[in-house]
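What follows is a short report on a single structure.
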Amino acid sequence: MKITAAKGTRDILPGEVEVWQRVEQTAHRLFSLYGVQEIRTPIFESTDLFAKSTGSDTDIVIKEMYTFPDRSNRSLTLRPEGTPGVVRAAIENSLLRRGEIDRFYYIGPMFRYERPQKGRYRQFSQIGVEVFGSSHPAIDAEVMEMANSLFTSLGIIGARLQLNSVGHPGCRPAYRQALKDALEPHRAELCSDCQRRLDVNPLRIFDCKVPGCGVIRANAPVILDYLCAECVTHFDGVKECLDTLGVSYDLNPRLVRGLDYYTRTTFEVVSDKLGAQNALCGGGRYDDLVASMGGPQTPGFGFAIGADRLVMIVAELHRHAAPADIYIVHLGAPALKEALVASRVLRELGLAVRLDPDAKEVGKQMARASAWGARYALIIGEREMEKGAYAVKNLAAGTQREVAARAWDEIRREVVNGG
Ligand code: AMP
């Protein structure tokens, strides 16, 4: 009998592994710029951990966990998500320092018994970040900006940030009642799960994927209209900081994420390059989770990116692109002329050069550099033109240095020998 991989699992083969390595290395490098340190927690934990933190009436805990007794009859569960393990480890190892902001990230496999399809597996991998110790809205914005930066560093453009606030537990009773009152007349039209949710935890109705329930939900009241004054102020602060950081977002008042612990900000990043399973990243604030798990009262904010989906997009970006040695970033019309000269000379010297005359913003050009798999960027801006210099950036190392304009041999040597 031929034995095949278990349903919902797959092998990542040579050829594909290189894309995973690239994604992981980009994450390691980027997160270190934000002072975020890696943590590795066990792949199985005691079942209670997830029942208590993820939430005993969430779909994940009720329907999706791989739970089994070990040989001593302890109930263990393959982790379905990363946050509970990180919080447990942070408490158990006294990693949370009073008055400090502690930042951790993890990369690794998660397990959920879901119906497999493209982009949805029973074993999948997440890249997650958890930041503890501050409830300042600037932290929410900074962490979301970090997720965004990972996508742009990998050459992904067009991923959209959807933003909501679910308030704090004090905002919920009035909203829960309003939701119940609005949905009760439609009880019979809801699926059996949602009928149960209506009694137990009506907010969970927003997680339901049954189309009929979506239609009924569309006219339900939204939690944004029920936030208390402090939660409104916090949410305004988050939006203001995102604006300051230049991160664009769409408000989605129906974004109520399927885990119990979120307070205030929740968000998702969706990509139109993914098909039906379009969520690339999800996260939010969890100010009560650490205390509820027996730790000191410590606010938190985190996210998890679906690495399988990220790899899918990155692999597709590179499928059409012959890798480039150097990408020329130009700013302004005179710089474009100089860039044209540079591309001709550097090609004569044997380098694979890319230049996008249409792209105007630096961020977009950097994303294109990454999409072309360029190892170096040659930056020719207005300031550089005035100084008679270019900047040469090693994209893998993230280092940058100045060279004299038209020092072609020096640039070639750096690209050939340096990286
Ligand atoms: P969640 O913890 O459910 O918000 O998941 C965070 C991210 O992990 C999602 O946005 C997806 O990108 C990814 N993800 C969740 N479940 C799966 C799965 N079964 N297969 C692949 N990726 C997943």
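The values are calculated or read from the model by the stated rules, or taken from the named source; none is laboratory data. Keep in mind that what you see is a predicted model, and the values were worked out from it rather than measured. With ideal geometry, Cβ positions are generated from the backbone for all residues, glycine too; neighbour counts draw on all protein chains shown. Heavy atoms of the whole protein, side chains included, go into the accessibility calculation; ligands, DNA and RNA do not. Shrake-Rupley method; radii C 1.70, N 1.55, O 1.52, S 1.80 Å.
Considering the chain, what Rg and Dmax in Å follow from its alpha-carbon atoms?
24.1, 76
Applying 1/(1 + (r/R0)^6) with R0 = 22 Å to the Cβ-Cβ distance of Ser192 and Asn278, what FRET efficiency is obtained, to the nearest 0.05?
0.25
Springs between alpha-carbon atoms under 10 Å, Gaussian network over the chain: tell me which of His28, His168, His186 tops the mean-square fluctuations.
His186
Would you mind checking which residues have amide H under 5 Å from Leu76's amide H? H placed 1.01 Å from N; only 5 or more apart, or other chain.
Residues meeting the criterion, in which the H sits 1.01 Å from N, are Thr47, Phe68, Asp70.
To the nearest 0.05, what FRET efficiency results for Arg74 and Ala322 with a Förster distance of 51 Å applied to their C-beta separation?
0.45
What ³J(HN,Hα) values, in whole Hz, does the Karplus curve 6.51 cos²θ - 1.76 cosθ + 1.60 give for the stretch 46-60 when θ = phi - 60°, with x put for Gly and Pro?
In residue order, the calculated couplings are 5, 4, 3, 3, 7, 4, 6, 9, 4, x, 6, 10, 8, 4, 4 Hz.
Which of the lysines could be linked to Lys52 by a straight reach, that is with a Cα gap under 18 Å, when you skip same-chain ones fewer than 8 residues away?
Output for Lys52: Lys63.
Fully extended, how many nm does the chain gain between Gln37 and Cys228 (0.36 nm per residue separation, minus their Cα-Cα distance)?
Extra length from Gln37 to Cys228 when fully extended: 65.3 nm.
What are the lysines whose alpha-carbon lies under 19 Å from the alpha-carbon of Lys273, with same-chain residues fewer than 8 places away excluded?
Lys273 reaches Lys118, Lys364.
Please list the non-local residues whose amide H lies under 5 Å from the amide H of Ser165, H modeled 1.01 Å from N, same-chain partners needing a gap of 5 or more.
Those lying under 5 Å, H to H, from Ser165 are Thr266.
Please check: in the Gaussian network model of the chain (C-alpha springs, under 10 Å), which one of Leu13, Leu161, Leu224 has the largest mean-square fluctuation.
Highest fluctuation of the listed residues: Leu13.
Pop a pseudo-label 7 angstrom from the Cα along the beta-carbon direction at both Leu336 and Ala182 and give the gap in nm to one decimal.
My value for the distance between the label points is 4.9 nm.
Quick one: with all protein chains in place, what share of the accessible area of the stretch 79-137 is carbon or sulfur, to the nearest percent (1.4 Å probe)?
Carbon and sulfur atoms account for 44 percent of the accessible area of the stretch 79-137.
Quick one: if the Förster radius is 35 Å, what FRET efficiency do Ala397 and Asp250 give, using the C-beta to C-beta distance and rounding to 0.05?
That gives a FRET efficiency of 0.50.
Apply the a/c threshold of 1.5 to the C-alpha gyration tensor of the stretch 1-153 and tell me whether it is rounded, prolate or oblate.
Since a/c reaches 1.5 but b/c is at least a/b, the shape of the stretch 1-153 is classed as oblate.
Under 5 Å between amide hydrogens, which residues at least 5 positions from Leu280 or on another chain qualify, with H placed 1.01 Å from N in the peptide plane?
Val269, Val270, Ser271
Write down the Kirkwood hydrodynamic radius of the stretch 362-419, to one decimal in angstroms, obtained as one divided by the mean of 1/r over all alpha carbon pairs.
11.7
Taking the Cα-to-Cβ direction at Arg29 and at Leu349 and moving 7 Å from each Cα, how far apart do the two end points lie in nm?
Result for the modelled spin labels: 2.1 nm.
Between Glu92 and Ala138, how many nm apart are label points set 7 Å from Cα along the C-beta direction?
Label at Glu92, label at Ala138, 3.5 nm between them.
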